[in-house]
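Computed from the coordinates by the stated procedures, all read-outs in this text should not be read as laboratory data. In this text the structure is predicted, and so the values were computed from the model without any measurement. Here the Cβ is made from the backbone with ideal geometry for all residues, glycine too, and neighbour counts use every protein chain on show.
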Amino acid sequence: MDKYGLIGFPLKHSFSKDYFNSKFISEGIDAEYINFEISSIKELSFIIRNNPQLRGLNVTIPYKEQVIPGLDKLNEDARQIGAVNVIKIERRKKKVFLTGYNSDVIGFKQSIEPLLQPHHQQALVLGTGGSAKAIYYGLQQLGINATFISRRKSSDKILTYSELSQEVIEKHKIIVNCTPVGLMPKTEECPAIPYHFLTTEHLLYDLLYNPNETLFMKRGEERGASVKNGLEMLLLQAFAGWKIWKG
């Protein structure tokens, strides 16, 4: 039986295990999907060595960037983004060959593209981690200029939350939350942006999907903004990941 799995920490809110195992049962696929909750990326080699039937892995926080040095190859999107969320595992004459991909960018682009309007020319990306890098890259591919927002200033390409003036918010009509702020059970929290500057032309996209409607989304709706959560992106990136594994 082929095996697939997910590495990350923590994994108690993971969607992938139930999704893939349900897919395998409904489609009669002789495979199993396993969660590998690991406290260090160094444990990846142990997982690969002790699961010879393993054909692919998903990667989630905090390892989307940390995993890269241990891979044999990156596809072009993953290399440009600097983050990996899908690993294809090939075993060639007793040698294991690991290739990193990024299906987050595929799922995000397919999910947000139908919502885009002519005034959606610039975006704010909340966060600077692996998911945020994929979103930034996807927006660029869609012809949208993006700026990272972080709590700390580390480069000229990053603004801090304290720099989000009325002018900045009015100029950037797309705001994407790539942070865990607002995730269950801390549903009373939301990213610290000045929501009172939002307009009906704004689009707020939250990568979170648990809860279904985050406080970030609710506060956007109060100002007449369009909102969307990350569930469709999650489904689309999972489907893209499966296609990568079956290649």
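Points worth noting:
- Each of I61, L139, N210 was placed along the dipole of the chain (beta-carbon charges, centred on the mean Cα), and the one lying farthest toward the positive end is I61.
- The magnitude of the dipole of the chain, with charges of +1 and -1 set on the Cβ of Lys/Arg and Asp/Glu and taken from the Cα centre, is near 1060 debye.
- Gain upon complete extension [I158, L116; 0.36 nm per residue less C-alpha separation]: 12.8 nm
- Descending principal axes extents, the stretch 36-95, alpha-carbon based, whole Å: 30, 27, 16
- Eligible aspartates and glutamates near K12 by straight Cα distance, threshold 19 Å, same-chain separation 8 or greater: E32, E37, E43
- Sum of -39500 (n - 2.57) over DSSP H runs of 4+, divided by residues of the chain (222 nm, nearest 500): -8500 deg cm²/dmol
- In degrees, nearest ten, helix 130-141 long axis to first principal axis of the chain (Cα): 70 degrees
- Per residue, the convex hull spanned by the alpha carbons of the stretch 2-102 comes to 101 Å³.
- A straight Cα-to-Cα reach below 16 Å connects K153 with the aspartates and glutamates E163, residues fewer than 8 places away in its own chain not being considered.
- Longest exposed-site-free window of the chain, the sites being trypsin sites (Lys or Arg not before Pro) in a DSSP loop that have at most 15 other C-beta atoms within 10 Å: 13-92
- Per the Debye formula on identical point scatterers at the alpha carbon atoms of the chain, with no solvent, log10 I(q)/I(0) at q = 0.13, 0.15, 0.16 Å⁻¹ is -0.81, -1.04, -1.15.
- The charge dipole of the stretch 2-102, taken about its Cα centre with unit charges on the Cβ of Lys, Arg, Asp and Glu (plus for the first two, minus for the last two), comes to roughly 440 debye.
- Restraint check, K3/K88; K23/K94; K173/K218; K109/K171, Cα-Cα greater than 19 Å: K23/K94; K109/K171
- Inverse of mean 1/r across different Cα pairs in the stretch 105-233, Kirkwood, Å: 14.4 Å
- Within the chain, percent of DSSP bridges classed antiparallel, to nearest 5: 25 percent
- Chain lengthening between S165 and K218 when straightened (0.36 nm per residue, less Cα-Cα): 17.0 nm
- Net +/- balance of residues flanking D72 in space, Cβ distance below 11 Å, scoring K and R +1, D and E -1: +3
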